[in-house]
Amino acid sequence: MGAPPPRGKFITLEGGEGVGKSTQIRLLGEALRARGLDVVETREPGGTEGAEAIRALLLGGAADRWNPQAEALLFAAARADHVARVIRPALDRGAWVLCDRFIDSNRAYQAGASGLADDDIMAAHRIGSGGLMPDRTLLLTLPLDVAAERAMQRDAGRADRFGARGRAFHEAVNAAFMAQAAQEPARIRIIDATDGAAIVSARIQTEIEDLLP
Ligand SMILES: Nc1ncnc2c1ncn2[C@@H]1O[C@H](COP(=O)(O)OP(=O)(O)OP(=O)(O)O)[C@@H](O)[C@H]1O
Ligand SMILES: Cc1cn([C@H]2C[C@H](O)[C@@H](COP(=O)(O)O)O2)c(=O)[nH]c1=O
């Protein structure tokens, strides 16, 4: 017998670097709180003390610090702690959990763009996090050059281990996200993120309307 179904809603934002996920989580959080909902904003890798420590291991250091296998398992370990300590308890009490990246990033970056098998990523997710899946995923899309420019402006030119990877890697990530959306159109909604933040936020709110109480 697995865990009982959660009572809250689990929403994830996905997409490449600099497409506006953090900005949109904040705006969606404000909109949902204005409706009187209990909202938890969080991110991956991270969201707990242990997972933030793993984040530092994953994002810092030399480009070849980890191979794709070690990387995938570190993301899965961070996620297991995050799900157990923050996401599940919040959903169980009826909160809306808004998470900046989740399992679909693991699939896009470590399977799609790094060559691991999608089944293996999902097996680690089942072991670590009981296979918890979002109720809805908003996939933000933006031309690579525009997203890279936004991220560069934000970070003053300093990229982390993933941001520093070449164009081919980020194209493969985007292609993997699009393939996931094509496989799961009911859960994963594609959001054009080229316009101003308020317009993008309105698109996102339309795509979660059916989940509102
Ligand atoms: N719609 C928008 N139009 C113009 N600039 C934007 C828009 N949304 C966000 N930005 C800006 O682009 C930069 C990247 O946005 P944000 O940090 O939200 O992206 P992200 O997807 O969370 O990035 P990462 O994956 O690298 O953490 C920020 O400086 C942000 O202020
Ligand atoms: C959850 C997750 C993330 N990644 C990558 C994607 C990004 O490059 C970084 C996180 O940085 P951000 O500024 O918070 O977006 O980690 C990944 O490769 N696999 C994952 O499962």
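Summary table below
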{"read-out": "Residues that are more than 10 Å from ligand 1 (Cβ to nearest atom) and touching a Cys at 6+ places or on another chain (Cβ under 7 Å), drawn from segment 19-59", "value": "Thr42, Glu44"}
{"read-out": "Candidates Ala186, Ala168, Ala164, Ala202 - the one that is over 18 Å from the mean Cα position of the chain (by Cα), part of a loop (DSSP other than H, G, I, E, B) and among the hydrophobic types (A, V, I, L, M, F, W, C)", "value": "Ala164"}
{"read-out": "Among the candidates Gly115, Gly94, residue that is touching a helix residue (DSSP H, G or I) at 6+ places or on another chain (Cβ under 7 Å), on the phi > 0 side of the Ramachandran plot and away from ligand 1 (no atom under 16 Å from the Cβ)", "value": "Gly115"}
{"read-out": "Residue in segment 106-115 that is without any contact (Cβ under 8 Å) to a residue 12 or more places away in the chain and surrounded by fewer than 19 Cβ atoms within 10 Å (Cβ to Cβ) present", "value": "no"}
{"read-out": "Hits in segment 118-165 - residues which are under 25 Å from Ile87 (Cβ atoms) and either among the charged types (D, E, K, R) or surrounded by fewer than 13 Cβ atoms within 10 Å (Cβ to Cβ) (or both)", "value": "Asp118, Asp119, Asp120, Arg126, Ile127, Asp135, Arg136, Asp160, Arg161"}
{"read-out": "Number of positions in segment 6-25 that are within 14 Å of ligand 2 (Cβ to nearest atom) and open to solvent by 30 Å² or more (accessible area, probe 1.4 Å)", "value": "3"}
{"read-out": "Selection count where residues are over 16 Å from Arg35 (Cα atoms), out of contact with any strand residue (DSSP E or B) (no Cβ under 9 Å at 6 or more places or on another chain), within 16 Å of ligand 1 (Cβ to nearest atom) and among the small types (Gly, Ala, Ser), scope segment 173-213", "value": "4"}
{"read-out": "Single residue of segment 53-96 satisfying the filter (acidic (Asp, Glu) and more than 11 Å from ligand 2 (Cβ to nearest atom)) that is modelled with the lowest pLDDT", "value": "Asp64"}
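The values are calculated or read from the model by the stated rules, or taken from the named source; none is laboratory data. Worth saying up front: this structure is predicted, and the values here are computed from it rather than measured. Heads up, the Cβs are rebuilt from the backbone with ideal geometry, glycines too, and the neighbour counts pull from every protein chain shown. Ligands, DNA and RNA are excluded from the accessible area calculation, which covers all protein heavy atoms including side chains. Shrake-Rupley method; radii C 1.70, N 1.55, O 1.52, S 1.80 Å.
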